[in-house]
Amino acid sequence: MSRTETPTAASEPLAGPAARRAGRRPGRWWHDIWAGRRRRFAAYGFVLPAAVMVFVFLIWPFLRTFTLSFTDADGMAQPEFVGAANYSRFFSDPVLASSFGNTMIWLGASLVLPVVIGFLVAWGTFQFTGGVLYRLPFILPYALSGTAVGVVWSFMLRSDGVTNELLTALGLESLARSWLLEPPLNTFGMIVASTWQVVGINVILFLVGLQAMPREPIEAARVDGAHGWTLLRHIIIPLVRPMTIVVVGMTLVNSLKTFDIIWLMTQGGPYRSSETLAVTMFREAFLLFRHGYGAAIAVLLTIFVLIIASTYLRRQLRNA
């Protein structure tokens, strides 16, 4: 009878990567290298279409606008390099000073009205079973385009429009005004129209934030006697802070680039008194054919939006 041999460590088969390396046939190294590169090329292939679109529709237009802002392009003759003349003109143009002031009014009012109203509507209807019926009038206008909103509110606020006719019918003709012809009343009228449209998306976003809140802190606060304003201020508002950051950030950017409602309701008038930077840029570049000056305004508006948005987000994320 032969003795059974005990397997030794040397005779045991290799396991794991060592076995694969030992069993790899000579000349197969190139296959592994090609497989790794193929996976990398596949990842680049998925990213490439989006990168091309970003370059074509965002980066290249901005670079073209930036170079154009240093010229005197007017759509007629060959543009010539003028250095920073368009930018220095920006700080001495009285129309630009008025446009910048109106832009800041839009910015401040947009941070108060759509955000506050959106949150109050969301919170006020969140606790009711049939709250969707109360939210519907605030959400529906968001489905309208800015063009439709501008036309509707122009019809309401013109001198012989619905608002003045209603005030006259109620015996309040002394309150009737030329809403779109008296600055800064026309600016506030357009802000109300814009708020009527955009408050719906804020209601939806705040509802998402309210539904994501943990219930334990709220129940604990109610057990301790917190109700009404105390509960809202110390519990609810801090819990929806992440969504508030998103809503305020979107409102900041949208308020600084508002164009359609202003153009349809007043075209920046009367006498360019209700223009914002976006409207002034459009008028200078496409109506007065001062392409170089309009490009400079566009570049400065872009930088202004980036500074405002990045400063706000940096502060909020630092305090988070």
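Summary of computed values
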quantity: Some residue of the range 186-204 being part of a loop (DSSP other than H, G, I, E, B) and of a type outside the set (D, E, K, R); calculated: no
quantity: Single residue of the range 161-185 satisfying the filter (of a type in the set (Gly, Ala, Ser) and assigned to a loop (DSSP other than H, G, I, E, B)) that is least open to solvent (accessible area, probe 1.4 Å); calculated: Gly161
quantity: Failed item, numbered, when Arg20 is tested on (1) charged (D, E, K, R); (2) at pLDDT below 65; (3) assigned to a loop (DSSP other than H, G, I, E, B); calculated: (3)
quantity: Qualifying positions in the range 243-253 - in contact with a helix residue (DSSP H, G or I) (Cβ under 7 Å, 6 or more places away or on another chain) and either over 19 Å from Gln127 (Cα atoms) or modelled with pLDDT under 85 (or both); calculated: Ile245, Val246, Val247, Val248, Gly249, Thr251, Leu252, Val253
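The values are calculated or read from the model by the stated rules, or taken from the named source; none is laboratory data. Being a predicted model, the structure only gives us computed values, none of them experimental. Note that we place each Cβ from the backbone using ideal geometry, even for glycine, and neighbour counts take in every protein chain shown. Surface accessibility is based on the protein's heavy atoms, side chains included, excluding ligands, DNA and RNA. Shrake-Rupley method; radii C 1.70, N 1.55, O 1.52, S 1.80 Å.
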